[in-house]
Amino acid sequence: MTSLDAHRVVDAVWKMESARIVAGLVRMVGDVGLAEELAQDAVLAALEQWPEAGVPDNPGAWLMAVAKRRAVDHLRREERRDRGQEQLAHDLATRPDDGERDVDDVVNALDGEVGDDVLRLMFVSCHPVLSTEARVALTLRLIGGLRTDEIARAFLVSESAVAQRIVRAKRALADAHVPFEVPSGPDRAARLSSVLEVIYLVFNEGYAATAGDELMRPSLCLEALRLGRVLAELTPNEAEVHGLVALMELQQSRSAARTGPSGEPVVLHEQNRGRWDPLLIRRGFAALLRARQAGGPLGPYVLQAAIAACHAGAATPEETDWPQIAALYEALVRVLPTPVAQLNRAVALAMAYGPRAGLTLVDTLTGEPALKGYHLLPAVRGDLLARLRRHDEARTEFERAASLTRNSAERAVLLRRAATCADEAGKAREAGETGKARETGKARETGKARETGKARKTEKAAETGKPREAGEAAEAGLADAHVTLGGAAGLFLARPDLSADTIRSYRQTLTRLCRHLGEKAPLRDVTSHRVAEVFAAAWGTAAGATWNRHRAALRSFATWAAERGWAHADLAASLDRRPEPRARTRPIDRSRLESLWKRPDIPLRERTLWLLLYESAAPAEWALSLNVEDLDLPGMRGEVKARGHWLRWQSGTAALLPLLIGDRRRGPLFLADRRPGPGRMPTAAHLCPHTGRGRLSYERAEFLFKRATANLDPEGGGCTLHRLRHSRLAHLGEDGWSAPMLMSLSGHGSVRTLHGFVRVPRPADTVA
């Protein structure tokens, strides 16, 4: 074996075995940086010995054995004081060295709750002493065996930035003496979000290799799947864990069909679906079902798994429900607003509504700094341009994508597509030059008849609201000219992401527009001036709330249509929002509130928050901003630092707060139900270090109070937190409190704002 061959073999073995080797060493020496150095020593030994002695039958075990012996030598020299490590060193010193088996027996005796060194190492890499970026970078390095440049590419950041993160992370772990163990209780929850992100990045590197001659690295995919399944068993009630497992199972089910006979990539709609693994598909659907049963808001992994399930559920590419996938991507972008998610959404829009709709969104991403070196951006743009028969532009994009990718298989496919576009462009030019001389009146009449037939078919499809036919019209280049107002309105109202109430409200607005402007009016001809005339005639004398509701419906429709290139985005430009005068808030009856406090079905968190708001008469935003360390429990008050104001409560809240806080010492007082997902990670100021959960949002708190007080509202919609606060002010005013007393309690900045609760003296009433 030559030295070059040895380097290739060692590199391949390191990619597959580095995680287990480093993890086993961390368990022995207790230091991540030192463990990686010892592992690299074993790699150097392999590079020295394998060219002469040959590759061992089990190269991974060989590297592990050498690395462990280097670790034992280090333990003997340093004479570590840790009890487990002292026992290991003593046992190895007094026993005969029978080889790797003795070392493994002693090391395995130190196992704890979970006998999986790789999982232990992952939780160590995701320790709270590290930043989120450092956790992911370090774990990719240690668990995935990725080089620094590969990690940088996965993050779309510079290589030097990743290298600095890894060095700082190792130093921080060593300084903090982080134990090599799987955390339990709140610590496990705090680190789970980063672990999920790391697992998926490792899976992605295996599913679509950043560099090299192979498109995939199956070992990384299988390792990520294994770790995901272990995590799912450890955290059975975490929806996002099951969502990630479902996503990986469904994506891995397509692995056999993703490459052709020569290893070339095969795009999704061209894959032989008979080669998809039905067992993995069933496992993916089962994991997705467990994610939905776990409850909670839909996170990014659950939404991506639902998208993969749409593909897996279609027997043929034509049966794929692309409008549903586009709607799911819209929901995904709301919880994970990244440029890559937007790029995927553009692909879905192109498949659902035609390439022009997708190209409109892709063009907005060309200036994104994070996508500057991302080869899939020009690849997607080239595909959309080719489908629009703009072959010269498509060729340029494919060539640019080929220059950016570092994967040989992908580069070959992109260059072939660029060559195909060049051929098509040449044929089009030749056909144009030849056909120009042959264009007779008969040919023009025939072409005109054909275009008229297509236009009628497209218009009919738009009017009946069939997304697939509207998409075909856009692909034929007719969407901009022939999509009608009525047809577009039908497609807009048929979106699966709209609730029944929203559809009912939007339909009122769009029906009135169609009635005045005509259902068959080309959408391109509808201008903001014509829309303003309709609004003036229909709702010119309506109340501000009614006018604003119809205006909001129009803006939503205009934005949706503009994304597909069908209309102007400024259809509502001539319509100004009207002021909506506030009605006096009616207080909630005292007896009804007393009954609410005593209801046994109200959780402790909600009961404490509502009592605190009522007793302090403070804004809900102030109460939700409180931190545990800012409370003065004996004094029954808490400091709102952003306002320089102290909230004061009474005995009801004082009795509940210790139960709510428990043994927490820092972080938000009122916590969300679940940990935040990777795409919604709050800042440290809004994250509990004990549980990993974020601060309870105003929107969630409002929803919970409305749901609990639906029976107190004559209209059935529930009461708002704003009304709860004003009820307290009204009750205190009835009890004889003066305006200055209410100002001191509630934090009102002006006595005039309290005129609805107490009599505020006018200047003439004031004694000089």
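Restricting the search to region 350-370, which residues are surrounded by fewer than 18 Cβ atoms within 10 Å (Cβ to Cβ) and in a helix (DSSP H, G or I)?
The answer is Asp363, Pro369, Ala370.
Filtered by the rule that a residue be open to solvent by 40 Å² or more (accessible area, probe 1.4 Å) and either β-branched (Val, Ile, Thr) or part of a helix (DSSP H, G or I) (or both), region 371-389 gives Leu376, Arg381, Asp383, Arg387.
Checking each residue in region 213-263 for being open to solvent by less than 40 Å² (accessible area, probe 1.4 Å), small (Gly, Ala, Ser) and either touching a residue at least 24 places away in the same chain (Cβ under 8 Å) or over 23 Å from Pro278 (Cβ atoms) (or both) picks out Ala224, Gly228, Ala232, Ala239, Gly243, Ala246, Ser253, Ser255, Gly263. Exactly one residue among Ala315, Ala286 is among the hydrophobic types (A, V, I, L, M, F, W, C) and either in contact with a Gly (Cβ under 7 Å, 6 or more places away or on another chain) or more than 11 Å from Ala246 (Cα to Cα) (or both), and that residue is Ala315.
Of all residues in region 525-542, those satisfying the criterion of being in contact (Cβ under 8 Å) with a residue 24 or more places away in the chain and either of a type in the set (A, V, I, L, M) or surrounded by fewer than 13 Cβ atoms within 10 Å (Cβ to Cβ) (or both) are Val526, His529, Val531, Ala532, Ala538. Go through region 330-342 and count every residue that is surrounded by fewer than 22 Cβ atoms within 10 Å (Cβ to Cβ) and assigned to a helix (DSSP H, G or I). The number of residues fulfilling the criteria is 9. Evaluating Asp630 against the criteria (1) farther than 30 Å from Leu687 by Cβ; (2) at pLDDT 85 or above leaves one unmet condition, (1).
Determine whether Ser184 is at pLDDT below 80 and either over 19 Å from the mean Cα position of the chain (by Cα) or open to solvent by 10 Å² or more (accessible area, probe 1.4 Å) (or both).
Yes.
Does any residue of region 603-617 turn out to be within 21 Å of Ala701 (Cβ to Cβ), without any contact (Cβ under 8 Å) to a residue 40 or more places away in the chain and open to solvent by less than 60 Å² (accessible area, probe 1.4 Å)? No; the residues of region 603-617 include none that is within 21 Å of Ala701 (Cβ to Cβ), without any contact (Cβ under 8 Å) to a residue 40 or more places away in the chain and open to solvent by less than 60 Å² (accessible area, probe 1.4 Å).
Of all residue pairs spaced 6 or more apart or on separate chains, those with beta-carbon atoms under 7 Å, a first member in region 26-46 that is under 13 Å from Gly60 (Cα atoms) and a second member that is of a type in the set (D, E, K, R) and assigned to a helix (DSSP H, G or I) are Ala42/Arg70.
Evaluation of Gly679 against the conditions (1) at pLDDT 85 or above; (2) part of a helix (DSSP H, G or I) shows that the sole unmet condition is (1). Of all residues in region 621-663, those that are part of a loop (DSSP other than H, G, I, E, B) and surrounded by 17 or more Cβ atoms within 10 Å (Cβ to Cβ) total 4. Hey, any hits in region 405-413 for a residue that's open to solvent by less than 10 Å² (accessible area, probe 1.4 Å) and assigned to a helix (DSSP H, G or I)? The answer is no, given that none of the residues of region 405-413 is open to solvent by less than 10 Å² (accessible area, probe 1.4 Å) and assigned to a helix (DSSP H, G or I).
For region 12-45, a residue qualifies if it is surrounded by fewer than 19 Cβ atoms within 10 Å (Cβ to Cβ) and of a type in the set (Phe, Trp, Tyr), but none of them does.
Scanning region 264-301 for residues that are open to solvent by less than 40 Å² (accessible area, probe 1.4 Å), out of contact with any strand residue (DSSP E or B) (no Cβ under 7 Å at 6 or more places or on another chain) and among the β-branched types (Val, Ile, Thr) yields one hit, Ile281.
Ala305 fulfils the conditions (1) more than 17 Å from Asn344 (Cα to Cα); (2) assigned to a helix (DSSP H, G or I); (3) touching a residue at least 24 places away in the same chain (Cβ under 8 Å) except for a single criterion, (1). Ala326 meets all of the listed conditions (1) surrounded by fewer than 19 Cβ atoms within 10 Å (Cβ to Cβ); (2) closer than 23 Å to Asp363 by Cα; (3) free of Cβ contacts under 8 Å to residues at least 40 places away in the same chain but one, namely (1).
Quick one: in region 543-568, which of the residues that are open to solvent by 30 Å² or more (accessible area, probe 1.4 Å) and of a type in the set (A, V, I, L, M, F, W, C) is modelled with the highest pLDDT? By that ranking, first place goes to Ala552. Taking the criterion of being open to solvent by 30 Å² or more (accessible area, probe 1.4 Å) and assigned to a helix (DSSP H, G or I), the residues of region 118-138 that qualify are Thr132, Glu133, Arg135. Taking the conditions (1) modelled with pLDDT of 85 or more; (2) open to solvent by less than 30 Å² (accessible area, probe 1.4 Å); (3) in contact with a strand residue (DSSP E or B) (Cβ under 8 Å, 6 or more places away or on another chain) in turn, Val483 satisfies each one other than (1).
Taking region 690-707 as the range and being more than 22 Å from the chain's Cα centre (by Cα) and either without any contact (Cβ under 8 Å) to a residue 60 or more places away in the chain or open to solvent by 50 Å² or more (accessible area, probe 1.4 Å) (or both) as the test, the residues that pass are His690, Phe703, Lys706, Arg707.
Here is the figure for region 500-525: residues that are over 18 Å from Thr559 (Cα atoms) and not in a helix (DSSP H, G or I) total 4.
The values are calculated or read from the model by the stated rules, or taken from the named source; none is laboratory data. This one's a predicted model, so the numbers in the text were calculated from it and none came from an experiment. Methodologically, a virtual Cβ is constructed for each residue, glycine included, from the backbone with ideal geometry; neighbour enumeration extends over all protein chains shown. Ligands, DNA and RNA are excluded from the accessible area calculation, which covers all protein heavy atoms including side chains. Shrake-Rupley method; radii C 1.70, N 1.55, O 1.52, S 1.80 Å.
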